[in-house]
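A short write-up of the structure that comes next.
The values are calculated or read from the model by the stated rules, or taken from the named source; none is laboratory data. Since the model is a prediction, treat every value here as computed from it, not as a measurement. As a convention, Cβ positions derive from the backbone with ideal geometry for all residues, glycine included, and neighbour counts pool all protein chains shown. Just the protein is used for accessible areas: all its heavy atoms, side chains included, with ligands, DNA and RNA removed. Shrake-Rupley method; radii C 1.70, N 1.55, O 1.52, S 1.80 Å.
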Amino acid sequence: MPARIVVRKELEPTTDAGRFDLRVNGATVVPAAGDGARGSQRVEPGAHTVSEAAVTGTNPIDYESTVGCEVGTRRRQVRSGTVYPNLQLSSGQRAVCTFRNVRIGAPAIAIDKTGPATAVAGGTLGYTLNVTNPGFVPFPEASVVVTDPNCDDPPELVSKGGDDTRGTLDRGDTWTYACSRKTTAAADCAPTVVPNTATVTGEARGASVNASDSIETSLTC
C-alpha cells in the first residue's frame, strides 16, 4: 500500500505576507503556501525528503524556521531549518510535516499531541500534550490555556521538564499536559476511528496566539 505525506504551513504572525513552496522529494506539493495551507502526496514506502523554499519576495533570513514530522500518533520530531531528510514510512503509514516560520521577534506557541494508535472499544484513551514556545516572547503561566473538548476532564499540567523560570513558558521550554477519554463498548460494535484535537492559546505583550494538533485512534471490538 502507498504511504501518505501531509505538508502544512504555520506562520507567525498568521497575517505575515511570507510565502513558501512546500515540497516532497523535490516536487512542489503546495505552491506559495501561507498560514494554514496544506496538501498531501502519496509515496512509496521507504525514505523521503520534505522541504520548503521561499518564493520571490520572501526573505528567509527574516524568520526562525523549523520543520517537524509526526508519523501516526507518535511524537513530532522537529529539526531546525527548512529540510527534513530521511523520513521513513512503511506501507500504509501517514506522516504530517509542519513547516513553521516565526518572524524574528514575534510570539508563537506550539502543541504536540500523542496517544494510542489503536485501542479496544470500551477502554480509556490516554493523551499526552507537549506545549512549547518556538517564538521570541515568554508567556506568563496564567495565560497558557490548553483545551481538548473530547477529553473527559480538562488537560492537567503534569510536568515543566526542569524549567528554571517556572512562572513563564519561555523559548526552549516544554510543558507537558495529560488528559483521557473513556470510549464506549456497544453490543453491535463496529471498528471505528476516534479523532481528537487539542488546542493551546497564549497571551503576551498584548498579542494572542494559538496552535492545535490532532491524532486519530483506531478502535477495534
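Figures for the structure shown
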item	result
Residue check, Thr56 in a loop (DSSP other than H, G, I, E, B) and either surrounded by fewer than 16 Cβ atoms within 10 Å (Cβ to Cβ) or not small (Gly, Ala, Ser) (or both)	yes
Which numbered condition Ala178 fails, given (1) modelled with pLDDT of 90 or more; (2) open to solvent by 20 Å² or more (accessible area, probe 1.4 Å); (3) in a loop (DSSP other than H, G, I, E, B); (4) not polar (S, T, N, Q)	(3)
Residue tally, condition farther than 19 Å from Arg76 by Cα and surrounded by 13 or more Cβ atoms within 10 Å (Cβ to Cβ), over segment 202-217	5
Candidates Ile5, Ile104, Ile61, filtered to the one that is among the β-branched types (Val, Ile, Thr) and more than 29 Å from Glu203 (Cβ to Cβ)	Ile5
Given (1) part of a loop (DSSP other than H, G, I, E, B); (2) touching a residue at least 40 places away in the same chain (Cβ under 8 Å); (3) over 19 Å from Asn210 (Cα atoms), index of the condition Leu125 fails	(1)
Filter result for Arg166 (assigned to a loop (DSSP other than H, G, I, E, B), open to solvent by 50 Å² or more (accessible area, probe 1.4 Å) and within 22 Å of Asp35 (Cβ to Cβ))	no
Unmet criterion (only one of (1) in contact with a strand residue (DSSP E or B) (Cβ under 8 Å, 6 or more places away or on another chain); (2) open to solvent by 70 Å² or more (accessible area, probe 1.4 Å); (3) over 27 Å from Thr199 (Cβ atoms)) for Ile61	(1)
Tally, over segment 181-200, of residues that are part of a strand (DSSP E or B) and open to solvent by 50 Å² or more (accessible area, probe 1.4 Å)	6
